[in-house]
């Protein structure tokens, strides 16, 4: 079941959902709009290796915008820091973003109960597009969890993305044991 705007508001009031900064105008019928931070990054290597730490180069998006190019994977982050303690957050692109040919995540649209951080976005585009800091980039949709939770993300000792960071985080696949 997807939470309605009233259920999201109640969850915020109860501390079950935290959004910082919070703006009531960003609350939709059953979602909350998130915005692009000024922090962006690209991988330094031309070929990425899943077993190695692939480093990134930071880009600060200027007020006049930054043109993203097709064929490049950009890592961005949400302006908003979020916490979700009893529902499952899903991050989806806004239709207006999609109509510009921008995709905001390759595969990582679902968060875990207990995720407490800024969202890292895996941004790609079909055509060159000028983007701006603070532009609406996506929307969080919250699904109710059925049953008790034993393994909150923020309490997992092996969680790779628990350190609070406003900047995008590169893949930590290399930390997996396989």
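Note on segment 122-178 and segment 76-99: Cα centroid distance 9 Å, given to the nearest whole angstrom. One chain, two ends: residue 134 and residue 30. Fully extended at 0.36 nm per residue, the span grows by 35.3 nm beyond their Cα-Cα distance. Computing FRET efficiency as 1/(1 + (r/R0)^6) for residue 148 and residue 9, where r is the C-beta to C-beta distance and R0 is 25 Å, gives about 0.55.
Report note on the peptides 102-111, 21-30, 6-15: ranked by the mean count of other C-beta atoms within 10 Å, highest first, their order is 102-111, 6-15, 21-30.
Running a GNM on the chain with Cα contacts under 10 Å, which residue among 40, 143, 115 ends up with the highest mean-square fluctuation? Maximum among the listed residues: 143. Estimated from helices alone, the mean residue ellipticity of the chain at 222 nm is -1500 deg cm²/dmol (sum of -39500 (n - 2.57) over DSSP H runs with n ≥ 4, per residue).
Label reach from residue 1 (point 7 Å along Cα→C-beta): in segment 134-149, amide nitrogens under 11 Å belong to 144-146.
Along the Cα-to-Cβ line of residue 20, 7 Å from the Cα, sits a label point; which residues in segment 77-99 have backbone N less than 13 Å from it? Correct set: 80-84. Length gained on full extension, residue 55 to residue 166: 38.3 nm, using 0.36 nm per residue less the C-alpha separation. Once C-alpha pairs closer than 8 Å and six or more residues apart are averaged by separation and normalised to the residue number of segment 1-148, the relative contact order reads 33 percent. Cα-based radius of gyration for the chain, normalised by 2.2 N^0.38 Å, reads 1.04.
FYI, it's all coordinate maths here, none of it is from the lab. No experiment lies behind these values; they were computed from the predicted model shown. Cβ: placed from backbone, ideal geometry, glycine included. Neighbour counts: every protein chain shown.
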